[in-house]
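Read-outs throughout are calculated quantities, based only on the coordinates presented, and are distinct from any laboratory measurement. These numbers come from a predicted model, not from an experiment. Don't worry about glycine lacking a Cβ; one is built from the backbone with ideal geometry, like all the others, and counts go over all protein chains shown.
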Amino acid sequence: MQPPISHSNAAASCDFVLRLYVAGQTPKCMRAFSNLKKICEQYLANRYRIEMIDLLDDPALARGDQILAVPTLVCGPGDISVAHKPDEYVALAQLDACDAFLARLIGGLQ
């Protein structure tokens, strides 16, 4: 399995980690990455990291991460490695940051 392709415009730590699940480098998947990068630059400048995960490299991830179609973006507060597990947690600061991001994003789309 190859490591995920990662794009970051952030310092060592970032507020938002977005996972984009793809199946190869199809035009649709590459367009999704390009659009996501533009949105992040506009609303999350220097505070994000995009991980592009190719399910052709490891199809089992689709099942484990509950991915039904591609491209699929997983974004939200918390750490995906503890999501949907008995000890799942999300820090209040992460919830606040996510809420502020979604408000800015929705405001920009109206």
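What are the radius of gyration and Dmax of the chain, computed over its Cα atoms and given in Å?
14.2, 40
Could you state the per residue volume, in Å³, of the convex hull enclosing the Cα atoms of segment 24-66? Could you put the intermediate results ahead of the total?
On the way: hull volume 3.5 nm³, N = 43.
Expressed per residue, the convex hull around the Cα atoms of segment 24-66 is 82 Å³.
Which of the aspartates and glutamates could a cross-linker span from residue 38 if the Cα-Cα distance has to be under 18 Å and same-chain partners fewer than 8 positions apart are dropped?
15, 51
Under unit Cβ charges (Lys, Arg +1; Asp, Glu -1), what dipole magnitude, rounded to 20 debye, does the chain have relative to its Cα centre?
440
What does DSSP give for the chain in terms of the percent of beta bridges that are antiparallel, rounded to the nearest 5?
Values: 7 of 14 bridges.
If we restrict to bridges inside the chain, about 50 percent are antiparallel.
Mind checking which aspartates and glutamates have their Cα closer than 20 Å to the Cα of residue 85? Skip sequence neighbours fewer than 8 apart in that chain.
65
Quick one: what are the phi-derived ³J(HN,Hα) couplings along segment 31-47, Karplus 6.51/-1.76/1.60 with θ = phi - 60°, whole Hz, x for glycine and proline?
5, 4, 5, 4, 5, 4, 4, 4, 4, 4, 4, 6, 10, 10, 2, 6, 10
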